[in-house]
Amino acid sequence: MIIAAIDIGSNAARLLINEVKETRGKTEFTKLNLLRIPLRLGFDVFSNGEIGTERKQMVINTMKIFSQLMTMYKVEHYRACATSAMRDAKNGQEIIEIVKKEADINIEIITGDEEATLIYENHVAEGLDKNFAYLYVDVGGGSTELTFYENDKMKYEHSFNIGTIRLLNGLVTPNIWEEMKDEIKDKIKSKKPVVAIGSGGNINKIFSLSKTKDGRPMPVSVIKKYLKEMQTLSVEERMQLYQIREDRADVLVPALQIFNNVMSWADIKQIYVPKISVADGLVKSIYSNLSQKKNK
């Protein structure tokens, strides 16, 4: 079975195409293609309240390409979800209607809490040591999603309007930070030590730079180290020193600030970075829903 997921975020849009097979009772997800387009919708929306003409056309063109790729790969099931920037855009619905007409893709705008649930759909914590509690931290351009998992249960999930592009544009007030801090101190409590599970392109890049082995947790000291280093550099200097694109170099520092604050307030010393995303969670949730219908 071929399943696709489209995630239209505040910084980039992604198309993930997976082949899903059942082998000896085990479900295997094989990535056939992953395409990322840096639309950067948040730069328009969080400053002006809507998606500008140029980026609007970029969304339409991107969805046409995604549609063609899904046809080429013979995708049988898909779901397209838009998050923080499209949630806030005054012309979000208008763009959704144009995309439906021109690219034949149905885009749903999902809430922050639904976004957090999709990250949780990757079920990473279930395969980790039961002597710990786990906090999923997904940092995007427009929002940060937290999901707390303990004793085989999801205990808490919440979406905060704190994202890398909002921070770059000076739109995160001290009050919003304070709300996040109070929530974390109040809700993320456990008799077990808490470990983070990080997702998003920025933490993946830091994990890669840190040379931490796959499957091993990265200490919070690495986040503090790169934050201290990168804060003193211009975007151009970060691009040269770390061999990264501009659309990654500018958002890395705000992302590190968010991860550093969350882990500090939750008293977390380590973070797993298993290369999961909203798109991965979407594919898994589509397959899970199809399986449930089949078994009814």
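Please treat every number below as a calculation from the coordinates, not as lab data. It should be emphasised that the depicted structure is a prediction, and the values quoted were computed from it without experimental measurement. For neighbour counting, all protein chains shown are included, and Cβ atoms are generated from backbone atoms with ideal geometry for every residue, glycine included.
Rounded to 0.05, the FRET efficiency of the residue 23 and residue 100 pair, given R0 = 41 Å and the Cβ-Cβ distance, is 0.70.
Under 13 Å from the 7 Å Cα→Cβ point of residue 47, by amide nitrogen: which residues of the stretch 162-189? So the set is 165-171. With only Cα atoms counted, the stretch 193-296 has Rg and Dmax values of 16.5, 58 Å. About its Cα centre, the dipole of the stretch 246-296 is roughly 600 debye, where the only charges are +1 on Lys and Arg Cβ and -1 on Asp and Glu Cβ. Using the empirical formula 2.2 N^0.38 Å as the baseline, the Cα radius of gyration of the chain reaches a ratio of 0.98. With a Förster radius of 51 Å applied to the C-beta separation of residue 290 and residue 264, the computed FRET efficiency comes to 0.80.
The gain in end-to-end length when the residue 191 to residue 126 segment is fully stretched comes to 21.6 nm, 0.36 nm per residue minus the alpha carbon separation. Per-residue packing, averaged as other Cβ atoms within 10 Å, sorts the ranges 95-103, 110-118 into the order 110-118, 95-103, beginning with the highest. Highest mean packing comes first when the peptides 132-140, 238-246 are listed by Cβ atoms within 10 Å, giving 132-140, 238-246.
Across the chain, Cα pairs under 8 Å and at least six residues apart give a relative contact order of 19 percent. Shape verdict for the stretch 1-60, please, from the Cα gyration tensor: rounded (a/c under 1.5), prolate (a/b greater than b/c) or oblate. Taking the square roots of the gyration eigenvalues as a ≥ b ≥ c, the stretch 1-60 is prolate.
Dividing the convex hull volume of the alpha-carbon atoms in the stretch 14-97 by its residue count gives 106 Å³ per residue. Length available on full extension from residue 32 to residue 209: 0.36 nm per residue minus the Cα-Cα distance, which gives 61.2 nm. Got a sec? Charge dipole of the stretch 157-294, +1 on Cβ for Lys and Arg, -1 for Asp and Glu; which of 270, 281, 215 is way out at the positive end? So the residue we want is 215.
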